[in-house]
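Each remark here refers to the structure printed beneath this line.
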Amino acid sequence: MYFTDRGIEELEQRRGEEEVSLAWLADQFRTFVDLFPEFEIPVERLATWIARLDDDEDE
């Protein structure tokens, strides 16, 4: 397990049964970046990756 997996596992344990919209998730990303601007680039990369999950890799 990577160190970062601890946060992912905590998220799954605490909130894994919840259903949220992508609009809610985007709002949480914005709030996080407002509070921690030094993480803007990684959050943007994660958001872009999630947004493009269904894109064909051939493009």
Item to complete: Output the qualifying pairs, or none if there are none: Cβ atoms under 8 angstrom, residues six or more apart or on different chains, first residue in segment 19-47 and over 20 Å from Ile8 (Cβ atoms) and free of Cβ contacts under 8 Å to residues at least 40 places away in the same chain, second residue assigned to a helix (DSSP H, G or I) and of a type outside the set (Phe, Trp, Tyr).
Response: Glu40/Val33
Discussion item. Could you check segment 16-59 and list, in sequence order, the residues that are assigned to a helix (DSSP H, G or I), surrounded by 10 or more Cβ atoms within 10 Å (Cβ to Cβ) and charged (D, E, K, R)?
Written reply: Asp27, Arg30, Glu40, Glu44, Arg45
Worksheet item: Regarding Glu12, is this residue surrounded by 10 or more Cβ atoms within 10 Å (Cβ to Cβ), of a type outside the set (Ser, Thr, Tyr) and without any contact (Cβ under 8 Å) to a residue 60 or more places away in the chain?
Response: yes
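Computed from the coordinates by the stated procedures, all read-outs in this text should not be read as laboratory data. Bear in mind the structure is a predicted one, so any value in this text is a computation, not a measurement. In this analysis, Cβ positions are derived from the backbone assuming ideal geometry, glycine residues included, and neighbour counts consider all displayed protein chains.
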